[in-house]
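The values are calculated or read from the model by the stated rules, or taken from the named source; none is laboratory data. Nothing here was measured: the structure is a model prediction, and the numbers come from that model. Cβ atoms come from the backbone with ideal geometry, glycine included; neighbour counts cover every protein chain shown. These area figures cover heavy atoms from the full protein model, side chains too; ligands, DNA and RNA do not enter into them. Shrake-Rupley method; radii C 1.70, N 1.55, O 1.52, S 1.80 Å.
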Amino acid sequence: MKRLKAIATIGSMALGLAVLPAVTKAQAPNDAQIVGIVLAADQIDIDYGKIALKKSKDKAVREFAQRMVTDHSAVQKSVIELAGKLGVKEEVSPTSSGLKSGAADITAKLNGLKGKEFDKFYIDNEVSYHKTVTDAVNAVLIPSAQNSELKAALQGAQPLFLKHLEHARSVQSGQGGAMAH
Amino acid sequence: MKRRVAILLVSFSILPALVVRCQPASADENAQRRIHHVAIKGFKFDPEKLEVEAGDTVVWTNEDIVPHIVVADKFKSRSLDQGESWSLKTKQKGNFSYICKFHPTMKAELIVN
């Protein structure tokens, strides 16, 4: 039953994340909205990482979580600096709002789990999250960015998302694989 | 006579160049030859495979916005923020695989001959 609940939650989480790739060319975000989406995505993963650092006792999970907090904080700082330099003020968009509301559900789920169930759900979520963000940055955010420096920064961030995805998958395989994907 | 003078002139003009070429490399040249640079950029070590002579120095510089750390069985850097470097004077010969422990899928190799 618990396993079924976890699978259902992962499913709903994936639906929440589908907001990002669902952005079509017609709804292409402007630069201010792109900044808002990137900052929201970074903050969400920082918050998940902080929860994991509080709750997990698993060394690999804790190391990964610490990395997410450190790296996404660095990206966030860099995005804020770039936006300031370009005179772009972050704007709320349906995508950033969708990300935040999806994250509220995941946060509630993370707070309700403990032990190995928590570790598994956290890492499975990180795999899905980074996969979705990587795809969305490639398919939507980079092609939509108008400012060349913003576009270059997004392109420069791609290896980071990919490495985080590889790292998450490596921790996941150490746990015995994904729960449901 | 003109031919002898010409040969003499040519010899004198070539000789200094040869002397310069035969001189050992200056201290600066030696120092340059013995320092190798590895850039950490785009979540990769560049070059990913580096071959040096024992006694050479290798300098890693982080160009990414996130911290990295160079870790092998035999050596370990401190955490390197963007723009920071860490150097290693090689002593022991061998092949040393290393990673960024923060991002364990970043892998490279240092070969000390």
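Looking at the stretch A:71-84 only, could you name the residues that are open to solvent by 40 Å² or more (accessible area, probe 1.4 Å) and without any contact (Cβ under 8 Å) to a residue 12 or more places away in the chain?
Once the filter is applied, which keeps residues that are open to solvent by 40 Å² or more (accessible area, probe 1.4 Å) and without any contact (Cβ under 8 Å) to a residue 12 or more places away in the chain, the stretch A:71-84 yields A:Lys77, A:Glu81, A:Gly84.
Where residues in the stretch B:61-107 are open to solvent by less than 10 Å² (accessible area, probe 1.4 Å) and part of a strand (DSSP E or B), which of them is nearest to the other protein chains (Cβ to nearest Cβ)?
Only one residue fits best here, namely B:His103.
Within the set of pairs 6 or more residues apart or between chains, which connect a residue that is more than 21 Å from B:Thr105 (Cβ to Cβ) and aliphatic (A, V, I, L, M) inside the stretch B:46-74 to a residue that is exposed (fewer than 13 other Cβ atoms within 10 Å of the Cβ) and at pLDDT below 95 with Cβ atoms less than 8 Å apart?
B:Val52/B:Asn113; B:Ala54/B:Lys91; B:Ala54/B:Gln92; B:Ala54/B:Lys93; B:Ala54/B:Asn113
Looking only at residues in the stretch A:117-134 that are open to solvent by 10 Å² or more (accessible area, probe 1.4 Å) and more than 12 Å from the chain's Cα centre (by Cα), which one is farthest from A:Asp47 (Cα to Cα)?
Applying the filter and picking the extreme gives A:Glu117.
Of the conditions (1) in contact with a Lys or Arg (Cβ under 7 Å, 6 or more places away or on another chain); (2) more than 25 Å from A:Val61 (Cβ to Cβ), A:Leu150 satisfies every one except a single condition; which number is it?
Tallying (1) in contact with a Lys or Arg (Cβ under 7 Å, 6 or more places away or on another chain); (2) more than 25 Å from A:Val61 (Cβ to Cβ), A:Leu150 fails exactly one: (1).
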